[in-house]
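A.B. asks: Next up is a structure, given as structure tokens.
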Amino acid sequence: MGGTGGIAEMSVTQSEALAALHRVFGYEAFRGEQEAVVEHVVAGGDAVVLMPTGGGKSLCYQIPSLVRPGTGVVVSPLIALMQDQVDALRALGVRAGFMNSTQDFDERRVVEAEFLAGELDLLYLAPERLRLESTLDLLSRGKISLFAIDEAHCVSQWGHDFRPDYLALSLLGERWPDVPRIALTATATRATHQEITERLNMPSARHFVASFDRPNIQYRIVPKADPKKQLLSFLRQEHAGDAGIVYCLSRNSVEKTAEFLSRNGIEAVPYHAGLDAGTRAAHQSRFLREDGLVVVATIAFGMGIDKPDVRFVAHLDLPKSVEGYYQETGRAGRDGLPSTAWMAYGLNDVIQQRKLIQSGEGDEAFRRRAQAHLDSMLALCETVQCRRGQLLAYFGQDPDPAGCGNCDTCLTPPETWDGTIAAQKVLSTVVRLQRERGQKFGAVQIIDILLGKRTGKVIQFDHDQLSVFGIGDDLTEGEWRGVIRQLLAQGLLAVEGEYGTLVLTDASGTVLRREREVPLRKEPKKPVTSRSGASSASSGSGRGERKARTAAAELPEELVPAFEALRAWRAEQAREQGVPAYVIFHDATLREIATVWPTSVAELGGISGVGEKKLATYGEGVLEVLASLTGPPGPAPASGSAPASGPAEAQSPGQDADGPDDWPEMAEEPEPDWI
Ligand code: ADP
Ligand code: ZN
């Protein structure tokens, strides 16, 4: 039974599983929970698996499918990705197939025949196909080793990925009581977890919860000034030539941002639900196949994208929840190499989102939920503690109390200041307007009043006559925006109505009556723009070598030519076969090849990610690439020789995106009005 079973019995399973891991995937060892999950499922148990994106969920069902007799049936909502998934498996020598609506009748017949003949290790199906009686009938005529339900959070009616067809999957257990089921998701909240278990009818499943930490992802949240320009300099300085995803809230800003990047020499394509299916598929396919393409997208993009070398995920708008944010950022760095999750966040984000919730549909309970989600997200943005720590704690896991050392707050700890008086000034202004004039205004007018600016609108409303006029000239406009943003985030101020006017909350009184202090995060004069400020000399951004800078990052300089040559060879192979480059070999594998510099097929076979089939297919080719180079460098120095560029030159000339008083994001905002 579960837990630690008979050792002799298990060891057969274990060694078979391990053998498949070595032979097919070329990997040394299981990671984290994989081993326990594989063991449990191979032995016939049901499992619910929670692992972060990039945690290695696929092996949890792929290996049992290889070890157990019969075909592993994988239910996945990602029709557009099935072909790639199956191609990747076939490249490993796994007998895989899929059935979905993109196939014609003949193609499907071939797969059906293979399944019935017991010639498939894995069969991928869309849920809407699985529920058809004809499919169920087909399945019952063959031998099934297990059911894997991928993206299992799609059963959750509350999530934005809900697929009604997933609800029908509860019948699998009744129809095939002896076939183990494994449900997998990267959504970690307890509520979703429970919903999966209930709705899929898996009461006796064992639960496996992996660590949600993604140590190779550097989390950074910067104050928003001129977001597109900030994004551009982030990409130029740190991710030139890298593949990545930029998330925006609206279709319109997706289009504009993609255009802006393209105009500035960064190849970028848009993706959102307003584009026709053909364009979406084409853009997704380019992202998977080409090296270094940027996709600018709404949240419609990304689920199931298993491209391992996504080097950055950028957010130009505040995500609605920490779950969403973590899923999206988790798409970076599945290959374990250094990657960045970068977000620009400002006052308007808070106002917009608060407004959205208020004016949105849904009942009071729904609104309260949305509000709570937003509050957690805001707390993450405003924290002065380790971001990773905050994220892990959110998912109920224990962070390292000493901090992670790989997020912006760990790398350059933010300063706090006593914002009590500043908060009082803002709140009194709001009170004065309301009590003395019966007026409500948005942030712009409040700040103009505090700064004592005689703008047209200030004069129009005689606001220069208020006693608070000009009491805030000790702070800059940017700093006032920071104060208001943080008051909103802390619930000491609220947003109301269509124009986003500022109003007091129940908690405001405690500040006005001096019953509490208001510690605030200092607005950096210069937003942290690159790693140069953080991790010292390693990133030499001033230099001309752009392509693959990050992919090659931390690779000793003398190995870069070999890595580049291998990448070029890989690109050629991928093009010839019409598959994504990572289907040939992952970056991580090419790096190891460049480092080890194998001289024989046997030696190459020892490298992680080189299984039997890949060795047979590409072994000679790889060795030829290496042989064509001048040979392995001598003993490598302990670390890459630091390029002679100091942090000072990291900012490229004319890229001054950081004027703290220049907040052009306001330009798109309707002028706030009083009601
Ligand atoms: P998930 O589905 O959880 O997002 P994947 O299954 O795509 O994650 O795995 C993420 C990456 O890690 C893939 O590139 C995969 O090849 C790699 N990987 C998974 N397990 C191992 C392992 N035991 N050893 C080495 N690499 C692994
Ligand atoms: Zn940290």
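A.B. asks: Keeping all protein chains in place, calculate the accessible area per residue for the chain (probe 1.4 angstrom), answer in Å².
C.D. replies: 42 Å²
A.B. asks: To the nearest 10 square angstrom, how much accessible area does PHE115 have with a 1.4 angstrom probe?
C.D. replies: About 0 Å², ignoring ligands and nucleic acids.
A.B. asks: Same structure, new question: Give me the aspartates and glutamates in straight-line cross-link reach of LYS613: C-alpha distance below 14 Å, same-chain residues under 8 apart excluded.
C.D. replies: ASP87
A.B. asks: Using Cα positions and a limit of under 19 Å, work out the lysines in reach of LYS57, with same-chain residues fewer than 8 apart set aside.
C.D. replies: Leaving aside lysines fewer than 8 places away in the same chain, those within reach of LYS57 are LYS307.
A.B. asks: In whole percent, what relative contact order does the range 555-641 give with Cα contacts below 8 Å and a gap of six or more residues?
C.D. replies: The normalised contact order for the range 555-641 reaches 38 percent.
A.B. asks: May I pose another question? Using +1 at the Cβ of each Lys and Arg and -1 at the Cβ of each Asp and Glu in the chain, identify which of SER321, LEU59, VAL444 lies farthest towards the dipole's positive end.
C.D. replies: VAL444
A.B. asks: Let me understand the range 417-522 better: what is its radius of gyration from the alpha carbons, and its Dmax, in angstrom?
C.D. replies: 12.7, 36
A.B. asks: Now for a separate question. When the Karplus curve 6.51 cos²θ - 1.76 cosθ + 1.60 is applied with θ = phi - 60°, which whole-Hz ³J(HN,Hα) does each residue of the range 286-295 get, with x for Gly and Pro?
C.D. replies: Once rounded to whole Hz, the list reads 4, 4, 6, 8, 8, 7, x, 8, 9, 9.
A.B. asks: Run the numbers on the chain and let me know its relative contact order in percent, using alpha-carbon pairs under 8 Å that are six or more apart.
C.D. replies: After rounding, I find 15 percent.
A.B. asks: Applying 1/(1 + (r/R0)^6) with R0 = 35 Å to the Cβ-Cβ distance of ARG575 and LYS522, what FRET efficiency is obtained, to the nearest 0.05?
C.D. replies: Plugging the Cβ-Cβ distance into 1/(1 + (r/R0)^6) gives 0.10.
A.B. asks: Give the calculated FRET efficiency between ARG190 and THR455 to the nearest 0.05, with a Förster radius of 51 Å applied to their Cβ-Cβ distance.
C.D. replies: 0.55
A.B. asks: Still on this structure: What number does the range 13-209 give for Rg over Rh if you use C-alpha atoms and the Kirkwood radius?
C.D. replies: 0.93
A.B. asks: Could you pull out which residues in the range 459-488 have an amide N less than 15 Å from a spot 7 Å beyond the Cα of THR416, following the Cα-Cβ vector?
C.D. replies: Within reach of a label on THR416: 486-487.
A.B. asks: Let me ask something else. What is the list of residues in the range 132-154 whose amide nitrogen lies under 17 Å from a point 7 angstrom out from the Cα of ARG90, following Cα to Cβ?
C.D. replies: Hits in the range 132-154 for ARG90 at 17 Å: none.
A.B. asks: Taking the range 555-641, how much of its Cα-Cα pair set, in percent, is spaced more than 19 angstrom apart?
C.D. replies: Distances greater than 19 Å cover 34 percent of the Cα pairs.
A.B. asks: List the aspartates and glutamates whose alpha-carbon lies under 12 Å from that of LYS425, not counting same-chain residues fewer than 8 positions away?
C.D. replies: ASP473, ASP474
A.B. asks: Any idea which of THR187, THR630, VAL511 is furthest toward the positive side of the dipole for the chain, if Lys and Arg beta-carbons carry +1 and Asp and Glu beta-carbons -1?
C.D. replies: Checking the options against the dipole of the chain, the answer is VAL511.
A.B. asks: With +1 on each Lys and Arg Cβ and -1 on each Asp and Glu Cβ, and nothing else charged, work out how big the dipole of the range 13-209 is about its Cα centre, in Debye to the nearest 20.
C.D. replies: Roughly 240 debye, rounded to the nearest 20.
A.B. asks: May I pose another question? Quick one: which residues, 5 or more positions from GLY292 or on another chain, have an amide H under 5 Å from its amide H? H modelled 1.01 Å from N in the peptide plane, none for Pro or chain starts.
C.D. replies: Amide H neighbours of GLY292, under 5 Å, 5+ apart: ALA243.
A.B. asks: Please list, in order along the range 32-40, the HN-Hα scalar couplings obtained from phi with the Karplus expression 6.51 cos²θ - 1.76 cosθ + 1.60 (θ = phi - 60°), rounded to whole Hz, x for Gly and Pro.
C.D. replies: Along the range 32-40, the couplings run x, 7, 3, 4, 5, 5, 4, 4, 5 Hz.
A.B. asks: Right, something else. What residue among PRO223, ALA80, VAL111 has its Cα farthest toward the positive end of the dipole of the chain, where the charges are +1 on Lys, Arg and -1 on Asp, Glu, each on the Cβ?
C.D. replies: Towards the positive end, the residue furthest out is PRO223.
A.B. asks: Take every Cα-Cα distance within the range 353-419, group them into 5 Å bins from 0 onward, and report for each bin the whole-number percent of pairs it holds.
C.D. replies: For the range 353-419, the pair-distance distribution reads 3, 16, 20, 17, 14, 13, 10, 6, 1.
A.B. asks: Given +1 on the Cβ of Lys and Arg, -1 on the Cβ of Asp and Glu, and no further charges, what dipole in debye does the chain carry about its Cα centre, rounded to the nearest 20?
C.D. replies: 620 debye
A.B. asks: Per residue, how much space in cubic angstrom lies within the convex hull of the C-alpha atoms of the chain?
C.D. replies: That works out to 175 Å³ per residue.
A.B. asks: Continuing with the same structure: Using a 1.4 Å probe over the heavy atoms of the protein chains, calculate the carbon and sulfur portion of the accessible area of the chain as a whole percent.
C.D. replies: Using a 1.4 Å probe with all protein chains present, the chain comes out at 51 percent carbon and sulfur.
A.B. asks: Related question: Which FRET efficiency value, to the nearest 0.05, do you get for LEU136 and ARG514 by plugging their Cβ-Cβ distance into 1/(1 + (r/R0)^6) with R0 = 51 Å?
C.D. replies: After rounding to 0.05, the efficiency reads 0.15.
A.B. asks: Taking loop as defined by DSSP and a crowding limit of 15 other beta carbons within 10 Å, which GluC sites (Glu not before Pro) in the range 300-387 fit?
C.D. replies: Answer in residue order: GLU361.
A.B. asks: Next question, about the same structure. Could you go through the range 237-249 in sequence order and give the Karplus-derived ³J(HN,Hα) for each residue, using 6.51 cos²θ - 1.76 cosθ + 1.60 with θ = phi - 60°, rounded to whole Hz, and x for Gly and Pro?
C.D. replies: Those phi angles translate into 7, 10, 9, 4, x, 9, 7, x, 10, 10, 9, 10, 7 Hz.
A.B. asks: Can you give me the long-range amide H partners of THR340? Hydrogens built in the peptide plane at 1.01 Å from N, cutoff under 5 Å, separation of 5 or more residues or another chain.
C.D. replies: GLN218, PHE312, VAL313
A.B. asks: Sequence-distant or interchain residues sharing an amide H contact under 5 Å with HIS207, placed H: which?
C.D. replies: VAL48
A.B. asks: Rounded to the nearest 10 Å², what accessible area does THR409 have for a 1.4 Å probe in the complete protein model?
C.D. replies: My reading of the accessible area for THR409 is about 10 Å².
A.B. asks: Please give the residues of the range 119-153, grouped as numeric ranges, whose backbone N is less than 15 Å from a label point set 7 Å along the Cα-to-Cβ vector of GLU16.
C.D. replies: Residues 121, 144-146 qualify, since their backbone N sits under 15 Å from the label point.
A.B. asks: Which links in LYS229/LYS522; LYS229/LYS355; LYS228/LYS522; LYS224/LYS320 stretch past 20 Å when you go from one Cα to the other?
C.D. replies: Those over the limit are LYS229/LYS522; LYS229/LYS355; LYS228/LYS522.
A.B. asks: For ALA565 and THR476, calculate 0.36 nm times their separation in residues minus their Cα-Cα distance, and state this gained length in nm to one decimal.
C.D. replies: 26.9 nm
A.B. asks: Report the charge-dipole magnitude of the range 219-264 in Debye, nearest 20, computed about the Cα centre from +1 at each Lys and Arg Cβ and -1 at each Asp and Glu Cβ.
C.D. replies: 140 debye
A.B. asks: Tell me, how many Å apart are the Cα centres for the range 224-281 and for the range 12-85?
C.D. replies: 35 Å
A.B. asks: State, as an integer percentage, the relative contact order of the range 13-209 based on alpha-carbon contacts under 8 Å between residues 6 or more apart.
C.D. replies: Once divided by the residue count of the range 13-209, the mean separation gives 29 percent.
The values are calculated or read from the model by the stated rules, or taken from the named source; none is laboratory data. Just so you know, these numbers come straight off a predicted model, no measurement behind them. All Cβ positions, glycine included, derive from the backbone under ideal geometry; neighbour counts span all protein chains shown. Please note that ligands, DNA and RNA were not included when accessible areas were found on the heavy atoms of the full protein model with its side chains. Shrake-Rupley method; radii C 1.70, N 1.55, O 1.52, S 1.80 Å.
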